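The values are calculated or read from the model by the stated rules, or taken from the named source; none is laboratory data. Every value quoted in this text rests on a predicted model; they were computed, and no experiment measured them. Positions of Cβ are backbone-derived with ideal geometry, glycine not excepted, and every protein chain shown enters the neighbour counts.
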Amino acid sequence: MINLYITNYLQKLYWHMCNSKKFHISNLNVHNYSKTKYPNVYEHFAQRHKKFSVRHCLYAIGLIQIGLIHYMVIVPQHVTVINLVLFSAVYFISIPLIRQLKTPGLFFHSWATWIIGGIGMLLGHTLDSYLSSATDHAHHHGAITTSVSTTEIYSFLFSGMTSLMLIFCIPACVYLCNIKLANQSDLRKWILHLSSGLSMLLGMFIAIQTEQYILANINYMGSASYYFMLILMVMFSSSTYYLVFKTINRVRNTSII
């Protein structure tokens, strides 16, 4: 009799514990635990930490780029200091400004083009100068004419400067931009990359064709020509990236409606 009473008491106590909020058994399984706020907070922190690391790593590579310009293009020390200050200011100011455009991947795309593509272009130009035994910053610039010939276009496309710029820039742009384009289809990603890549080449070619008129009376022609080409590359490439992204997403939203 006493045993039956104890057994009933233990069963009631067990069911009371199972049904209470404090000891609810279903909350202890892995499936429900994954839905709690703690993994989401950790995942959010990890994503922010990853963005923070990539941005600062890209900035560090930009500092290396300025060092390469100083030693390879041979610019005075005070010009290098000015380049460093301007680069740092524009880099960090551009983060909130580009965020206002609400275009995923645009920040990484623009700075990967400027920094990593710029390093490839600088190394490629040095390679071309070495192979052709040319003087400082000769390359295609000395062969510029008032008309554009097919030979000049081929020499531009298949030069070391263009080739290394693409080899450096394209993988970096694809990797960094795709981090922010997870919700886009593969087709839309490749449309963005190809269109902005072609625009980048167009900006680079226009810079070669026009620098003899725009930079004719500027000192330190080597670094001025380099930065002029970078500016047009990023302007053409990033503008195309922004416009194509807005267009394909506008079409996507229209088709859904």
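Write out, first by first residue and then by second, each pair whose Cβ atoms fall under 7 Å of each other, whose residues are 6+ apart or on separate chains, and whose first residue, in the stretch 77-94, is under 15 Å from ALA224 (Cα atoms) while the second is modelled with pLDDT of 95 or more and of a type outside the set (A, V, I, L, M, F, W, C). Hits for this filter: PHE87/GLY62.
Please count how many residues of the stretch 163-184 are of a type in the set (Gly, Ala, Ser) and either assigned to a helix (DSSP H, G or I) or touching a residue at least 24 places away in the same chain (Cβ under 8 Å) (or both). Outline the logic, then answer.
If we filter the stretch 163-184 for residues that are of a type in the set (Gly, Ala, Ser), which is where we start, we get 163, 172, 182.
Filter again for either assigned to a helix (DSSP H, G or I) or touching a residue at least 24 places away in the same chain (Cβ under 8 Å) (or both), leaving 163, 172.
Counting residues in the stretch 163-184 that are of a type in the set (Gly, Ala, Ser) and either assigned to a helix (DSSP H, G or I) or touching a residue at least 24 places away in the same chain (Cβ under 8 Å) (or both) gives 2.
For the subset of the stretch 63-84 comprising residues that are among the β-branched types (Val, Ile, Thr) and exposed (fewer than 14 other Cβ atoms within 10 Å of the Cβ), which member is modelled with the lowest pLDDT?
If we filter the stretch 63-84 for residues that are among the β-branched types (Val, Ile, Thr), which is where we start, we get 64, 66, 69, 73-75, 79-82.
From what's left, exposed (fewer than 14 other Cβ atoms within 10 Å of the Cβ): 64, 74, 81-82.
On the way: ILE64: 96, ILE74: 81, VAL81: 94, ILE82: 93.
The residue in question is ILE74.
Considering the stretch 96-144, the residues that are of a type in the set (Ser, Thr, Tyr) and within 19 Å of THR162 (Cβ to Cβ) include one that is modelled with the highest pLDDT, namely THR113. When the stretch 52-62 is filtered for residues that are surrounded by 12 or more Cβ atoms within 10 Å (Cβ to Cβ) and either of a type outside the set (Ser, Thr, Tyr) or farther than 16 Å from PHE108 by Cβ (or both), the ones remaining, listed by number, are VAL54, ARG55, LEU58, ILE61, GLY62. The condition of being closer than 30 Å to LEU131 by Cβ and loosely packed, with under 15 Cβ neighbours inside 10 Å holds for only one of ILE208, ILE214, that being ILE214.
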